[in-house]
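Worksheet: the structure to be examined is printed underneath.
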Amino acid sequence: MDKFDKLSGVAAPLPLVNVDTDMIIPKQFLKTIKRSGLGVNLFDEMRYQDDGSENPDFVLNRPAYREAQILVAGENFGCGSSREHAPWALLDFGIRCVIAPSFADIFHNNCFKNGILPITLPQEQVDALMAEAEKGSNARIEVDLESQTVTASDGTRYPFEVDSFRKHCLLNGLDDIALTLEKSSRIASFETEADAQRPWV
Amino acid sequence: MSGKTLYDKIWDAHVVQQDEGTCLLYIDRHMVHEVTSPQAFEGLRMTGRKVRAPQRTIAVPDHNVPTTEDRANGIENEDSRIQVDALDKNARDFGINYYPVSDIRQGIVHIVGPENGWTLPGMTIVCGDSHTATHGAFGALAHGIGTSEVEHVLATQTLIQSKSKNMKVEITGQLMPGVTAKDITLSVIGHTGTAGGTGYVIEYCGEAIRSLSMEGRMTVCNMAIEGGARAGLIAPDQTTFDYVKGRTHAPKGEQWDAALEWWKTLKSDEDAHWDKVVTIRGEDIAPVVTWGTSPEDVLPITAAVPAPEDFSGGKVGAVKRSLEYMGLNPGQRLQDIEIDTVFIGSCTNGRIEDLRAAAAVMKGHKVKPGLRAMVVPGSGLVRAQAEEEGLAQIFRDAGFEWRMAGCSMCLAMNPDQLAPGERCAATSNRNFEGRQGRGGRTHLMSPQMAAAAAITGRLTDVREMMAPEPEPA
Ligand code: SF4
């Protein structure tokens, strides 16, 4: 997993609530056995017209946002399916950070496993950043995970909360599995105890 | 100190190690399907890791599989075939329990698990699928995970988790005739919103929940995720024990007795602390349908399509967009909405009881000419039982297609899809844009309501069909 410490980039505004994972990556693109290459189909149904050409109105097709690294969106972002293809597609496109008033649980988890930082901020602050994002490439937003702040182009700083373990993993690009495997003997003794207590499992 | 909730108890019994903020939780059952697992197995191969507990791991292809009878001859779509073949190979190479397409026990993973006794009270169960919440109906802590977590569970049989808050959803009293478990779960989401459960594990309780069969309870818990919750739970009781007993992988003999003793302790203490409580009177729940593109867009069938101005905040724009997508106008009566397709199936409503309920409405009726209607049983075993009970014949006689088991038109990854603009009465759980096919329009409802819609060709109040014949004047 790539490390995440600081990011300074263009933020694309997506002022929709309940952006679901079917919107982020429709199911016809889930028939892959790989993690890469999903970026071209990110937001496929909104991004392309029926004939396959780009929809010029969709935010990521507008010249200012084609290189966006941050997404600012409405509440309950990432609801719906557990598909990790959603963060894979975001990442493949180049998005490393999503800012929203709230996130769906599984999506939120999946982001951290892929080096994407989901930032939850109060609605008014998201609204302010949304207005910032509307300014296009004139407004670069800075995200600093170490100090847990988002800084808008006018210098306004927005502190955010993040789970300390996840922060640690993201800052150091650590692989969860390797970390857990270090606890193998603890897992084995749990198994022995649980087996005695609940042998039917 | 206050008592513990059911969630607290299951959690505590599975803590391997408590770290700061997070916790390593042991996973009793890991269910796997073909869409969210290939990259996880690839990860194991790349790092030379093994599956830690293959005996606790169960795999079944369901999302991609065709539901036509000729599927035994192979899957035509190349990408689908590659995914199913990859699961075949991974199951074999890593030695996990497997139900291939050719096995009569194959079906939707959330139906296969309970049916074969893999799902038991008090367990922790995960699957790379958000509707894993279904298994919570047994009083098991069950939730969906992403593919990285699938790999984590395969390699370590644990998951790094932080604990959710406790939410109680109580449905008091009794349901009125024509009202089902599906109406309960949709109404709860209509009440709390799709983010209302975010950060919580929900325990459903109350008399109306207690009165439900296991099938009904699975329908309720299945959609906990649509309300944003990590999991839904129902405390196990005699109904649960009766369902579990005798199933292939359920405990037997002395082990059964020991298990039962523990299972009976699996309920929330009287003085348990709840972070949020929602109470709904069973009598107030009507047969409902969805009108929009979010499962929270729920109204009683007797209502009319709302206007964007009826809402506030970001929802105004969302409603505007969804009415346009759905091709509906504010004020239009829901019962006047004409449909093209009926889909009965999915892990929400593809169990035997659902098919019985739909068949009871269909009996002696025909699908309205011009409509396409299909029943996709949730598993091969459900299908066989429905054949035996004569339900399949009722559906066939009425003009339904009688399909093989799988997810099918619930998410349309196989050839069962809606055409753009086509409108479907569906018993599944998601009405997102494009969910059942690009441009397709989905109305969620109970199997009874879907059957009623099949007869009339429009969204229909099933209670009208149940009313006694009027006395001759
Ligand atoms: S039936 Fe639908 S919701 Fe259930 S597992 Fe299959 S695709 Fe998912």
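The values are calculated or read from the model by the stated rules, or taken from the named source; none is laboratory data. All figures in this text were calculated on a predicted structure; none of them were measured in a lab. Neighbour counts run over all protein chains shown; Cβ positions are idealised from the backbone, glycine included. SASA here: full protein model, heavy atoms, side chains in, ligands and nucleic acids out. Shrake-Rupley method; radii C 1.70, N 1.55, O 1.52, S 1.80 Å.
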*Label points 7 Å out from Cα along the Cβ direction at residue A:191 and residue A:179: separation in nm?*
2.2 nm
*Take the Cα gyration tensor of the stretch A:6-174, multiply each eigenvalue by 5, square-root it, and list the three semi-axes largest first, rounded to whole angstrom.*
24, 20, 14
*Pick out, from B:392, A:164, B:239, the residue whose Cα sits farthest towards the positive end of the charge dipole of the protein assembly as shown, with +1 on the Cβ of Lys and Arg and -1 on the Cβ of Asp and Glu.*
B:392
_Accessible-area value, residue B:279, 1.4 Å probe, nucleic acids and ligands omitted, Å²_ = 80 Å²
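Can you pull the mean other chain C-beta count within 10 Å for peptide B:249-257? List each step's numbers first, then the result.
Values: counts 1, 1, 4, 1, 1, 2, 4, 1, 1.
For this peptide, the per-residue mean of nearby foreign Cβ atoms is 2.
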*Which values of log₁₀ I(q)/I(0), to two decimal places, follow from the Debye formula for chain B at q = 0.13 Å⁻¹ with a uniform point scatterer at every Cα?*
-1.23
*asked:* How tilted is helix B:253-263 with respect to the longest principal axis of chain B? Cα atoms for both, answer in degrees (0 to 90, nearest 10).
replied: 70 degrees
*Which entries in the list A:31/B:182; A:34/B:245; A:183/B:4 go over 32 Å, if you measure between the two C-alpha atoms of each?*
A:34/B:245
*Over chain B, what is the relative contact order in whole percent, taking alpha-carbon pairs under 8 Å and six or more residues apart?*
17 percent
*Contact order relative to length of chain A, as percent, for alpha carbon pairs under 8 angstrom and 6 or more apart*: 26 percent
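Heavy atoms only, 1.4 Å probe, whole protein assembly: order A:201, B:150 by accessible area, highest first.
Working: A:201 35, B:150 5 Å².
So, going from the largest accessible area down, we get A:201, B:150.
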_Which aspartates and glutamates, if any, have their Cα less than 12 Å from the Cα of residue A:6, not counting same-chain residues under 8 positions apart?_
A:142, A:144, A:146
*Over the heavy atoms of residue B:82, what accessible area does a 1.4 Å probe trace out, to the nearest 10 Å²?*
70 Å²
_Leaving ligands and nucleic acids out of the surface, order A:82, A:8 by accessible area at 1.4 Å, largest first._
A:8, A:82
*Measuring from label point to label point, each 7 Å out along Cα→Cβ, what is the residue A:2 to residue B:79 span in nm?*
2.4 nm
*Let me know the mean shielding of A:109-119 by other chains, meaning the per-residue number of their Cβ atoms within 10 Å of its Cβ.*
3
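State the antiparallel share, in %, of DSSP beta bridges confined to chain B, rounding to the nearest 5.
Working: 13 of 55 bridges.
Among the beta bridges of chain B, antiparallel pairing accounts for roughly 25 percent.
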*Three principal axis lengths of the stretch B:395-447 [C-alpha, angstrom, descending]*: 32, 22, 18
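Assuming 0.36 nm per residue, please report the length gained on full extension of the stretch residue B:172 to residue B:324 beyond their Cα-Cα distance. Don't jump to the answer; show the numbers that get you there.
Values: separation 152, 0.36 × 152 = 54.72 nm, distance 3.69 nm.
Gain on stretching residue B:172 to residue B:324: 51.0 nm.
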*Please give the solvent-accessible surface of residue B:422 in Å², to the nearest 10, using a probe radius of 1.4 Å with every protein chain present.*
40 Å²
*In debye, nearest 20, what is the charge dipole magnitude of the stretch A:1-141 about its Cα centre with +1 on Lys and Arg Cβ and -1 on Asp and Glu Cβ, if you could check?*
600 debye
*Can you give the % of DSSP beta bridges in the stretch A:6-174 that are antiparallel, to the nearest 5?*
50 percent
*residue B:265 versus residue B:92, label points 7 Å from Cα toward the beta carbon: distance in nm?*
4.5 nm
*Within a 10 angstrom radius of each residue's Cβ in A:169-180, how many Cβ atoms of other chains show up on average? Whole number is fine.*
4
*Quick one, can you get me the convex hull of the C-alpha atoms of the stretch B:6-276 expressed as volume per residue in Å³?*
147 Å³
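Determine the order of B:223, B:404 by accessible area, beginning with the largest, at a probe radius of 1.4 Å. Show your work: numbers first, answer last.
Details: B:223 0, B:404 45 Å².
The most accessible residue leads, giving B:404, B:223.
So how much slack lies between residue B:72 and residue B:238, counting 0.36 nm per residue of separation and subtracting their Cα-Cα distance, in nm? Don't skip to the end; give the middle numbers.
Numbers: separation 166, 0.36 × 166 = 59.76 nm, distance 3.93 nm.
Gain in length upon complete extension: 55.8 nm.
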*GNM on chain A, C-alpha springs below 10 Å: top fluctuator among A:182, A:67, A:75?*
A:182
*Taking the radius of gyration and the Kirkwood hydrodynamic radius from Cα positions alone, what is the Rg/Rh ratio for the protein assembly as shown, to two decimal places?*
0.95
*Ranked by how many other beta carbons lie within 10 Å on average, peptides B:196-202, A:115-121 from highest*: B:196-202, A:115-121
